[in-house]
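Worksheet: one structure, shown below.
The values are calculated or read from the model by the stated rules, or taken from the named source; none is laboratory data. Because the structure is a prediction, the values reported are computed rather than measured. Backbone-built Cβ (ideal geometry, glycine too); neighbour counts: all protein chains shown. Ligands, DNA and RNA are excluded from the accessible area calculation, which covers all protein heavy atoms including side chains. Shrake-Rupley method; radii C 1.70, N 1.55, O 1.52, S 1.80 Å.
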Amino acid sequence: MADADENSLTFDRSMPPAGRLEPVAPLIRRRVAPNGGPFTASGTCTYVVGQDRVAVLDPGPDDPVHIEALLQDLAGERVEAIVVTHTHRDHSPGARLLAARTGAPIVGCGPHRAARALSEAEAPMLDASADRAHAPERIMAEGDSVSGRGWTLVAVETPGHTMNHLAFALPEAQALFSGDHVMAWSTTIVAPPDGAMRAYMDSLDKLRGRDETVYWPGHGGPVCEPARFLRGLAGHRRQREAAIRARLAAGDRRIADIVAAIYQGLDPRLRGAAALSVFAHLEDLVGRGRATCDGAPRLDGTYAPA
């Protein structure tokens, strides 16, 4: 799921087509679910890893047509593991449909959890996006792996977009399935209390210490120069934080005013996402003692410089 915040990086807007399984690299095939939109690009990328005895990563939304097409693509092959990066409804519900048809275990991220408890009178902003029915057979943590003939998927904990978010390294291809944490077409939304900006930034730093040469994200095409792109993402978020602090210094006190000032010309469909992104930064700034709020940070709070 993408953020509305897209002004400081050069993104790759070329979109993989939905509706067919195609090889994209040795050991990797991709079918894009038909759930395209402003937050999902051309749709959720479902990946098939290996040949004959395979893993399916992020089967996507609760879409029987998508799962049926995927099963037809894999006729004669055996699904040995269904791997899930995180519990948003565009990624994980299809896992249960696929498991029911194949008997393969669901592994990967744990049940959905928030970054923090809701503050008084606060509603969960992305509750409709949370797949709270996700119950994997095996919860994977940092360094855990699942393997098959010629492939290994190693879990890399990358909280931030959601707190249970995992990426998966494929050492045989020096590749990383980055889920919604790093995408070539857009920044990702970080929306409290579903996610947390400090965790997201820490996860970016963590990935910068790795050596994969290509990322295969949950939406859009591959990230082909991940080291450079990660530097850009981190810089982009720092610039956004600086812009928010400047608006506080200029007298803006409400998130809506900050959004209007720093997201000029924004697609109206993305205003809510922009507000959540600003909220995530403000929550982080308050936590670090660089801003204040009239109570616990919340979307309708009144903010000021510290």
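The table below gives the values:
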| item | result |
| --- | --- |
| Residue satisfying condition, being over 17 Å from H161 (Cα atoms), in contact with a Pro (Cβ under 9 Å, 6 or more places away or on another chain), of a type in the set (K, R) and without any contact (Cβ under 8 Å) to a residue 60 or more places away in the chain, within set R247, R210 | R210 |
| Every residue from the stretch 242-256 that is open to solvent by less than 80 Å² (accessible area, probe 1.4 Å) and under 27 Å from the mean Cα position of the chain (by Cα) | A242, A243, I244, I255, A256 |
| Output for the stretch 75-89, where each listed residue is open to solvent by less than 50 Å² (accessible area, probe 1.4 Å), without any contact (Cβ under 8 Å) to a residue 40 or more places away in the chain and assigned to a loop (DSSP other than H, G, I, E, B) | E77 |
| Inter-residue pairs, beta-carbon under 6 Å, first without any contact (Cβ under 8 Å) to a residue 24 or more places away in the chain and in the stretch 140-165, second of a type in the set (G, A, S), 6+ apart | D144/A155; T152/S145; V154/S145; V154/A169 |
| Scope the stretch 165-185; condition open to solvent by 10 Å² or more (accessible area, probe 1.4 Å) and out of contact with any Pro (no Cβ under 7 Å at 6 or more places or on another chain); matching residues | P171, E172, Q174, W185 |
| The lone exception for R271 - which of (1) within 24 Å of the chain's Cα centre (by Cα); (2) open to solvent by less than 10 Å² (accessible area, probe 1.4 Å); (3) of a type outside the set (V, I, T) it fails | (2) |
| Search result, residues across the stretch 181-239 that are closer than 20 Å to H112 by Cα, at pLDDT 95 or above and of a type in the set (S, T, Y) | Y200, S203 |
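Yes or no, residue by residue, for (1) within 28 Å of E225 (Cβ to Cβ); (2) in contact with a Lys or Arg (Cβ under 6 Å, 6 or more places away or on another chain); (3) not hydrophobic (A, V, I, L, M, F, W, C):
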residue	(1), (2), (3)
R149	no, yes, yes
L153	yes, no, no
T158	yes, no, yes
H161	yes, no, yes
E172	yes, no, yes
A184	yes, no, no
